[in-house]
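Everything below concerns the one structure shown next.
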Amino acid sequence: MSEVKAEASAPESAAARGAIIHASSPDDRAVYRLFDRNGGLLYVGMSKDPVHRWSEEHRHKYWWPEVASYEWTWHPSPAAARQAEKDVLAAGEAKYNIHSTPRHGENQRRQRAASR
């Protein structure tokens with residue numbers, strides 16, 4: 001199955017800017033990437049509606065003001081999107097992701113030690 005990619009260019013203002021391409025079927029899921037002004041990867045996530053997800057969840061994160069641009073790729077199923085997200089996270093380059101990254105196990109060990 002093919003994927004539809006939307007890429008963002010440099011924003012005109014402090015607000016994140018990019019292309020919006022809607023899912024073509026109810027099963028489609030987007031894997032989105034949020035970048036800082038230097039192109040550094042801040043966060044990777046998955047959603048049926050990335051813009052809604054940002055307004056409901058991410059805009060309350062302390063790091064949200066660092067977001068300067070974004071991109072997302074639509075995948076034909078939740079499983080395909082989850083795998084694509086895991087592939088990106090495995091590199092460990094997303095600054096604010098912990099779950100499913102090489103830092104995840106380290107974070108869990110630290111939390112367990114703190115609770116003893």
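The values are calculated or read from the model by the stated rules, or taken from the named source; none is laboratory data. These figures come from a predicted structure and were not determined experimentally. We place every Cβ from the backbone using ideal geometry, glycine too, and count neighbours over all the protein chains shown. These area figures cover heavy atoms from the full protein model, side chains too; ligands, DNA and RNA do not enter into them. Shrake-Rupley method; radii C 1.70, N 1.55, O 1.52, S 1.80 Å.
Close amide H partners of Gly92, meaning residues 5 or more places away or on another chain with modelled amide H under 5 Å apart, do not exist here.
Over 10 Å intervals from 0, what percent of Cα-Cα pairs in region 33-77 sits in each interval? Binned Cα distances yield the sequence 26, 57, 16, 1. Extension gain, Val51 to Ala91, is 11.9 nm, computed as 0.36 nm per intervening residue step minus the present C-alpha separation. Of the trypsin sites (Lys or Arg not before Pro) found in region 20-73, those that fall in a DSSP loop while having at most 15 other beta-carbon atoms within 10 Å are Arg37, Lys48, Lys61.
Ignoring ligands, DNA and RNA, what percent of the 1.4 Å accessible area of region 24-98 is carbon and sulfur?
Working: 1850 of 3880 Å².
Exposed carbon and sulfur together represent 48 percent of the surface.
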